[in-house]
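Colleague: Dumping the structure here so I can ask a few things about it.
The values are calculated or read from the model by the stated rules, or taken from the named source; none is laboratory data. Keep in mind the model is a prediction, meaning the values are calculated, not measured. Backbone-built Cβ (ideal geometry, glycine too); neighbour counts: all protein chains shown. Side chains included, ligands, DNA and RNA excluded: accessible areas come from the protein's heavy atoms. Shrake-Rupley method; radii C 1.70, N 1.55, O 1.52, S 1.80 Å.
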Amino acid sequence: VSRCSFAEFWTAFESKDLIRLMDEKGLKGARIEVQHLEAFLKIKCDDWCPTVWHLRLFVQSPDVDPPPHITMDYGFSNCETVEEKNILKEVYRRLLQSSLVDPMDLHAACIQGKVFDFSRQHEPLLELRFGRLMSNIYPL
């Protein structure tokens, strides 16, 4: 694996060309293993992106409240206590860490209003109380 200068990195980042740079520097094999990386890196800073990416960041961030765009989509607005928010966050963290869960499938379940059903497919022992917590306003 060869290195690049910060200028090379920044130019590739600004031009949404990180995939090419990674491939040139010998990282294609590692890059391909990261699910949806290419699509994610094409998202512009001011563009809308699927809220599952915000959820993915949130579940890896300690001691922060869920941002508004995932509060409604993933049921955090249904939590009545900090404990419920933390438990729900942990469920999503486990789901998104699983190699069997495609984040875009979770997002699809979200916009269909079926987050709990999707989650139970991957965690069959998930308690029924999460049905209430994971409910959202979808489908519209």
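Colleague: Do you know which residues across the range 97-110 are assigned to a helix (DSSP H, G or I) and surrounded by 16 or more Cβ atoms within 10 Å (Cβ to Cβ)? Can you show your working first?
Modeller: Narrowing the range 97-110 to residues assigned to a helix (DSSP H, G or I): 97, 103-110.
If the condition is that a residue be assigned to a helix (DSSP H, G or I) and surrounded by 16 or more Cβ atoms within 10 Å (Cβ to Cβ), then P103, L106, H107, A109, C110 are the ones that fit.
Colleague: Which of the residues spanning the range 44-63 are closer than 12 Å to Y74 by Cα and open to solvent by 60 Å² or more (accessible area, probe 1.4 Å)?
Modeller: H54, R56
Colleague: Same structure again: If a residue has to be closer than 24 Å to T81 by Cα and not aliphatic (A, V, I, L, M) to count, how many in the range 35-52 make the cut? Can you show your working first?
Modeller: To start, the set of residues in the range 35-52 that are closer than 24 Å to T81 by Cα comprises 51-52.
Then keep just the ones that are not aliphatic (A, V, I, L, M); that gives 51.
The total comes to 1.
Colleague: Then there is this: Answer yes or no as to whether F40 is open to solvent by 70 Å² or more (accessible area, probe 1.4 Å) and either outside any loop (DSSP other than H, G, I, E, B) or modelled with pLDDT under 90 (or both). Step through it out loud before you land on a result.
Modeller: Values: open to solvent by 70 Å² or more (accessible area, probe 1.4 Å): yes; either outside any loop (DSSP other than H, G, I, E, B) or modelled with pLDDT under 90 (or both): yes.
Judged against the criteria, F40 is a match.
Colleague: For the structure I just gave you, tell me whether L140 is more than 22 Å from Q35 (Cα to Cα), out of contact with any strand residue (DSSP E or B) (no Cβ under 9 Å at 6 or more places or on another chain) and exposed (fewer than 15 other Cβ atoms within 10 Å of the Cβ). Let's see the steps before the verdict.
Modeller: Numbers: more than 22 Å from Q35 (Cα to Cα): yes; out of contact with any strand residue (DSSP E or B) (no Cβ under 9 Å at 6 or more places or on another chain): yes; exposed (fewer than 15 other Cβ atoms within 10 Å of the Cβ): yes.
Yes, satisfied.
Colleague: Quick one: in the range 26-37, which of the residues that are at pLDDT below 85 and not in a helix (DSSP H, G or I) is surrounded by the fewest Cβ atoms within 10 Å (Cβ to Cβ)?
Modeller: If we take residues in the range 26-37 being at pLDDT below 85 and not in a helix (DSSP H, G or I), then E33 is surrounded by the fewest Cβ atoms within 10 Å (Cβ to Cβ).
Colleague: Next question, about the same structure. Could you list, in sequence order, all residues of the range 58-73 that are assigned to a loop (DSSP other than H, G, I, E, B) and on the phi < 0 side of the Ramachandran plot?
Modeller: Of everything in the range 58-73, those that are assigned to a loop (DSSP other than H, G, I, E, B) and on the phi < 0 side of the Ramachandran plot turn out to be Q60, S61, P62, V64, D65, P66, P67, M72, D73.
Colleague: Check whether at least one residue in the range 112-132 is assigned to a helix (DSSP H, G or I), open to solvent by 60 Å² or more (accessible area, probe 1.4 Å) and at pLDDT below 95, and report yes or no. Break it down into steps so the answer makes sense when it comes.
Modeller: Going through the range 112-132, the residues assigned to a helix (DSSP H, G or I) turn out to be 115-122, 129-132.
Add one more test, that the residue is open to solvent by 60 Å² or more (accessible area, probe 1.4 Å), and what stays is 117, 120-122, 129, 132.
Checking the rest, the ones that are also at pLDDT below 95 come to 129.
Among the residues of the range 112-132, at least one is assigned to a helix (DSSP H, G or I), open to solvent by 60 Å² or more (accessible area, probe 1.4 Å) and at pLDDT below 95, which makes the answer yes.
Colleague: May I ask you to list the residues in the range 8-25 that are under 21 Å from the mean Cα position of the chain (by Cα) and outside any helix (DSSP H, G or I)? Let's see the steps before the verdict.
Modeller: Narrowing the range 8-25 to residues under 21 Å from the mean Cα position of the chain (by Cα): 13, 16, 18-19.
Correct list: K16 only.
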